[in-house]
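J.: Dropping a structure here in C-alpha cells format, bear with me for questions.
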Amino acid sequence: MEVAKTIESVRRLVKAAHGKGKKIGLVPTMGALHVGHVSLIEEAIKTCDFVVVSIFVNPTQFSPGEDFEKYPRPLKADLEICKKAGVHVVFAPTPEQMYPGENLTWVDVEKITEPLCGRSRPGHFRGVATVCAKLFNIVTPDIAFFGQKDAQQAIIIRRMVADLNMPLEIIVCPTVREPDGLAVSSRNQYLNKQQRQDATYIYKSLIKCQEIVKAGKIDAREVIAEMQKVLQQKSSIEIEYISIVDSESLEAIDRITGKVLVAIAVKLGSARLIDNILIDTRK
Ligand code: AMP
C-alpha cells in the first residue's frame, strides 16, 4: 500500500493504474476509520481493481465553533486498517495541499442543501461538495463510495455529479450499526458511558417510526410526535430535528407514501449525532 501525501504523487499512482486498464474506486473519508468506513472500502475492493482511500479532515466543511480542531486524527491506526482491507493507495494530504491559498471557487448545490443538516450547519455542504469535486478531479475515480449514514450528503454529491457531468458513478452503501443499533460514527468517541447508552434511543425512534408506518399511520406530523416521545425518554438528548422528507427532493411531506427519508439529528453532550432510515411504503 502506498501513502500519498501530495496531489502530484496520488495522480502519478492513479495514472499508472489507469494505464493498465484498472477501474479506480475512491472512498473519501475524514479518517478515524471504523467498521462503517471499512464496509465502503470492502465494497470498493469488490467493485474496482484499484482503491484509493482519502483521509482529510476538510476545514471548509466545519463552521466556527464546531469540532474541527478536536476531530480525531489517528493516522497510524487508519493506515493499518486500510492496509489490512487491501487498499492500494491512501491519499492523506495536508490542508495546505488541498487549499494552498484563498479558495475562490466553490460548488454550491442549491435547494437540497437547505433542509435537515443544512439548517444548522450553514456552509457545511458547500465545503463538502467543493472538497468532493476537488477529490474527484485529483483522483479521477470511476466510482466513488459514500455511506447512507450521511444520507443528505450522498444525495447532494449524486446531484453535483449529475448536474456538472462529472464522469464517475456514485455508489451508496448501507449504514453499519453497533449491535444495539447505534450508527457507527467517529463522533461516538465523544460520548461518555451514560450518553453512549442513551444514544441507542436515536435508532429506537427510527424503528418506532418504521413500525407505526407499517401499521398504517401515514400522517407525518403524528409519526414525528411518536418519535419525539421515544427520544424524550432520555433528557440528555437534545433534538435538533426529526424530519420526514421526499427521498430525492428532501422536501418535507405531510403524508408518508412512496419512498421517504426519515432523518434525525440530536445533540448528546458535546456530540452531534445523525441517523436516518429509508421507508418505501410500496414494498
Ligand atoms: P466521514 O469520515 O465521517 O466523513 O465518513 C466517510 C464516509 O463513510 C461517508 O460517506 C460516510 O457516509 C461513511 N460512513 C460513516 N459512518 C458510516 C456507517 N456507520 N455506515 C456506513 N457508512 C458510513
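J.: Only one residue in 56, 68 is among the aromatic types (Phe, Trp, Tyr), away from the ligand (no atom under 11 Å from the Cβ), touching a Pro at 6+ places or on another chain (Cβ under 7 Å) and under 26 Å from residue 191 (Cβ atoms), so which one is that?
T.: 68
J.: Sticking with this structure for a sec: Go through (1) assigned to a helix (DSSP H, G or I); (2) of a type outside the set (S, T, N, Q); (3) surrounded by fewer than 23 Cβ atoms within 10 Å (Cβ to Cβ); (4) more than 11 Å from the ligand (Cβ to nearest atom) for residue 131 and report which single condition fails.
T.: Every listed condition holds for residue 131 apart from (4).
J.: Would you mind telling me which numbered condition in (1) more than 22 Å from residue 169 (Cα to Cα); (2) within 12 Å of the ligand (Cβ to nearest atom); (3) of a type outside the set (Val, Ile, Thr) residue 44 fails?
T.: (1)
J.: I've got another one for you. When the residues of the range 258-283 are filtered to those that are among the basic types (Lys, Arg) and modelled with pLDDT of 95 or more, which remaining residue is surrounded by the most Cβ atoms within 10 Å (Cβ to Cβ)?
T.: By that ranking, first place goes to 272.
J.: Filter the range 145-182 down to the residues that are among the β-branched types (Val, Ile, Thr) and closer than 21 Å to residue 265 by Cβ and list them by number.
T.: 155, 156, 157, 172, 175, 176
To keep it simple, each residue is scored yes or no on (1) touching a strand residue (DSSP E or B) at 6+ places or on another chain (Cβ under 9 Å); (2) at pLDDT 95 or above; (3) more than 14 Å from the ligand (Cβ to nearest atom).
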{"site": "2", "(1), (2), (3)": "yes, yes, yes"}
{"site": "20", "(1), (2), (3)": "yes, yes, yes"}
{"site": "25", "(1), (2), (3)": "yes, yes, no"}
{"site": "40", "(1), (2), (3)": "yes, yes, no"}
{"site": "49", "(1), (2), (3)": "yes, yes, yes"}
{"site": "52", "(1), (2), (3)": "yes, yes, no"}
{"site": "61", "(1), (2), (3)": "no, yes, no"}
{"site": "75", "(1), (2), (3)": "yes, yes, no"}
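J.: Looking only at strands (runs of 3 or more DSSP E) that fall completely inside the range 1-89, which ones have 2 or more residues that are closer than 19 Å to residue 133 by Cβ?
T.: Filter on the range 1-89 gives 24-29, 50-55.
J.: Which one is farthest from residue 181 (Cα to Cα) among residues in the range 29-38 that are touching a helix residue (DSSP H, G or I) at 6+ places or on another chain (Cβ under 7 Å) and more than 6 Å from the ligand (Cβ to nearest atom)?
T.: Residue satisfying both the conditions and the ranking: 31.
J.: Please identify the pairs in which a residue from the range 136-160 that is within 13 Å of the ligand (Cβ to nearest atom) has its Cβ atom under 7 Å from the Cβ atom of a residue that is aromatic (Phe, Trp, Tyr), counting only partners at least 6 apart or on another chain.
T.: Going by the 7 Å Cβ cut-off, the qualifying pairs are 144/136; 153/146; 154/146; 156/125; 157/146.
J.: Continuing with this model, one more query. Check off (1) more than 25 Å from residue 145 (Cα to Cα); (2) touching a residue at least 12 places away in the same chain (Cβ under 8 Å) for residue 216 and give me the number that stays unchecked.
T.: All conditions pass for residue 216, except number (2).
J.: Tally time: how many residues in the range 231-257 are of a type in the set (A, V, I, L, M), free of Cβ contacts under 8 Å to residues at least 40 places away in the same chain and surrounded by fewer than 19 Cβ atoms within 10 Å (Cβ to Cβ)?
T.: Of the residues in the range 231-257, 2 are of a type in the set (A, V, I, L, M), free of Cβ contacts under 8 Å to residues at least 40 places away in the same chain and surrounded by fewer than 19 Cβ atoms within 10 Å (Cβ to Cβ).
J.: Go through the range 59-88 and count every residue that is crowded, with 19+ Cβ neighbours inside 10 Å and under 20 Å from residue 14 (Cβ atoms).
T.: 6
J.: Residues in the range 113-132 that are more than 15 Å from the chain's Cα centre (by Cα) and of a type outside the set (D, E, K, R): how many?
T.: So the count comes out to 4.
J.: Looking at the range 150-159, is at least one residue assigned to a helix (DSSP H, G or I), modelled with pLDDT of 95 or more, surrounded by fewer than 18 Cβ atoms within 10 Å (Cβ to Cβ) and small (Gly, Ala, Ser)?
T.: Among the residues of the range 150-159, not one is assigned to a helix (DSSP H, G or I), modelled with pLDDT of 95 or more, surrounded by fewer than 18 Cβ atoms within 10 Å (Cβ to Cβ) and small (Gly, Ala, Ser), which makes the answer no.
J.: Still on this structure, please answer the following. Just checking, how many residues over the range 162-206 are within 16 Å of the ligand (Cβ to nearest atom) and either more than 16 Å from the chain's Cα centre (by Cα) or not in a helix (DSSP H, G or I) (or both)?
T.: Total meeting the criteria: 27.
The values are calculated or read from the model by the stated rules, or taken from the named source; none is laboratory data. Since the structure is predicted, the reported quantities are computational estimates derived from the model, not experimental observations. Cβ: placed from backbone, ideal geometry, glycine included. Neighbour counts: every protein chain shown.
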